[in-house]
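The values are calculated or read from the model by the stated rules, or taken from the named source; none is laboratory data. The structure displayed is predicted, hence computed values, not measured ones. Glycine gets a Cβ as well: all are built from the backbone with ideal geometry, and neighbour counts include every protein chain shown. With ligands, DNA and RNA removed, areas are computed over all heavy atoms of the protein, side chains included. Shrake-Rupley method; radii C 1.70, N 1.55, O 1.52, S 1.80 Å.
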Amino acid sequence: MGFLRSSSSYSSALKWLGFVTAVWVQSISGNNYTFSNYSGALKSLMNLNQLQLNNLSVAKDVGKAFGILAGLASDRLSTPVILLIGCFEGLLGYGVQWLVVSRTITPLPYWQMCVFLCMGGNSTTWMNTAVLVTCIRNFRRNRGPVSGILKGYVGLSTAIFTDLCTALFSNDPASFLVLLAVVPFAVCLTAVFFLREIPPASSADEESEETRYFAVFNIVAVVVAVYLQSYDIIGIKTGVFSVAFASILLFLLFSPIAIPFHAFIRSLNRGEQDVEGQIQEPLLLSSDIAAEKEVTAVEDETVAVEEERKRKRPVLGEDHTITEAMLTVDFWVLFVSFLCGVGTGLAVMNNMGQIGLALGYTDVSIFVSMTSIWGFFGRILSGTLSEHFLKKAGTPRPLWNAASQILMAVGYLLMALAVPNSLYIGSMVVGVCYGVRLAITVPTASELFGLKYYGLIYNILVLNLPLGSFLFSGLLAGFLYDAEATPTPGGGNTCVGAHCYRLIFLVMALASLIGVGLDILLAYRTKEIYAKIHASKQVKKASSNLS
């Protein structure tokens, strides 16, 4: 019994320690959204026009298209190996960009810079795949909170990098790129030792414990977000105050390490009766898992039944291969609606530097930081709320995406009209809605198409990031901005005034409304599967109360 108890305690603690390191990885893996912080330096050093600069940002997003490789590897390589690939690739990609911006080397040819930006963008797909696939499998009964917390920290990472660089290096682009190259490398090396797949919760008590711990993670994350936003509002970014800010921020990011220690001590203090209950827990599985075992037993009785099952196409909620998923209407509805949300959001983030300058702001770092922080609130709140209403009423998750798209369309219209403080409002709205899209799509894909091939399916959906960046940032924003801009001496161009981006915002508002219609359609088509998930959770809760 002592061995069983210590083994259970170690497993629980290791699972939570892995999740803490996953949070740390996500806190530094949003470096792909920080292009606006050093795009101005690249534009002046390489004498680029806006279309060329936007295509550089597309190149970094194209790196995410090669995330398919990370998806394929997730079923064949261990989590530590996937993390190592990502951190070494990021070190090289962002390291070369630092060499250029710091003038250590002369600017590379345009195509070579595209390659290294692509590598930097691709590095995050390996990190995100390792973290999301492992944690969704470890906490499969709480997919909403897991997605919300992890994606929330990705959203905060841009603000974390931006504010740390402002505090410690006076917002120097070269120093900023050093952080992007070195910090993710060090954090991933730490996560390699602790992040791995652990058997998920098998009892209602363990699920309840998970819910409590996730609440703590949410509280800490909100404190970090409010702290970052306060730093931006106060505006004191020099001297001892900046060093104190950085120290407290690092302490807050490190603080969740207390949770695995608490889980370990709590497991050790459980009585022998709890251990016996855990051993017998498989007899009290939830109805959906029990039904799966029953189906498997029947299928094993005869080869003919098994062959017939193989010929039958899986239904929503069952494990789909990528081919089977792509043959469904629901996959493509989800794919295109995702494109409408993240594509337009990326266009704003990639062009935030030029948008701010066009509207008369000399320092746009506050808007980059605000987009990141409010993106965090969108991710973490949508993950938690969607899980709550799914358990309570069976509300389909795509409805949350539809609501975010409506709000996003309103934000684009406000920026197109250039009302007073519209960029402040737009930064918050775009951040929140972009965060909702990312946080909701992650569990939605796993619920509709299963977890077995989730790594690859997730990375196919993430193709929307480079595709959306190319369509809305590279083509739409690039061409329309250059049409309004005037050439500058020595190459390049510039545009000042609300007219520079007005038509761009109007087109993106229309794209958002198309996304609303697709999300409502998907919610209608998937209402039955979410009703089944709701019923399954209710049965498990009732079984727990009876026991």
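Brief remarks follow.
- Residues in segment 123-146 that are open to solvent by 10 Å² or more (accessible area, probe 1.4 Å) and at pLDDT 90 or above: Trp126 alone.
- Yes/no for Leu42 being outside any helix (DSSP H, G or I) and under 24 Å from Phe472 (Cα atoms): no
- Count of residues meeting criterion [among the acidic types (Asp, Glu) and open to solvent by less than 10 Å² (accessible area, probe 1.4 Å)] in segment 433-460: 0
- Residue within segment 147-162 that is over 17 Å from the mean Cα position of the chain (by Cα), buried (at least 19 other Cβ atoms within 10 Å of the Cβ) and within 28 Å of Gly95 (Cα to Cα) present: yes
- Members of segment 97-112 that are closer than 23 Å to Gln50 by Cβ and in a helix (DSSP H, G or I): Gln97, Val100, Val101, Tyr110, Trp111, Gln112
- When Ser6, Ser78, Ser39 are checked against the criterion of being of a type outside the set (A, V, I, L, M, F, W, C), surrounded by fewer than 24 Cβ atoms within 10 Å (Cβ to Cβ), modelled with pLDDT under 85 and over 21 Å from Ala159 (Cα atoms), Ser6 stands alone in meeting it.
- Subset of segment 495-532 (residues that are of a type in the set (A, V, I, L, M, F, W, C), farther than 14 Å from Phe338 by Cβ, part of a helix (DSSP H, G or I) and open to solvent by 40 Å² or more (accessible area, probe 1.4 Å)): Leu503, Leu506, Val507, Leu510, Leu513, Ile520, Ala531
Matching residues to (1) open to solvent by 40 Å² or more (accessible area, probe 1.4 Å); (2) at pLDDT below 90; (3) basic (Lys, Arg); (4) closer than 18 Å to Val131 by Cβ:
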{"position": "Ala201", "(1), (2), (3), (4)": "no, yes, no, no"}
{"position": "Glu210", "(1), (2), (3), (4)": "no, yes, no, yes"}
{"position": "Tyr213", "(1), (2), (3), (4)": "no, no, no, yes"}
{"position": "Gly235", "(1), (2), (3), (4)": "yes, yes, no, no"}
{"position": "Ala244", "(1), (2), (3), (4)": "yes, yes, no, no"}
{"position": "Phe251", "(1), (2), (3), (4)": "yes, no, no, no"}
{"position": "Pro256", "(1), (2), (3), (4)": "no, no, no, yes"}
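- On inspection, Ser57 fails the criterion of being part of a helix (DSSP H, G or I) and more than 18 Å from Gly120 (Cα to Cα).
- Residues being within 13 Å of Val100 (Cα to Cα) and more than 23 Å from the chain's Cα centre (by Cα) - total across segment 171-188: 3
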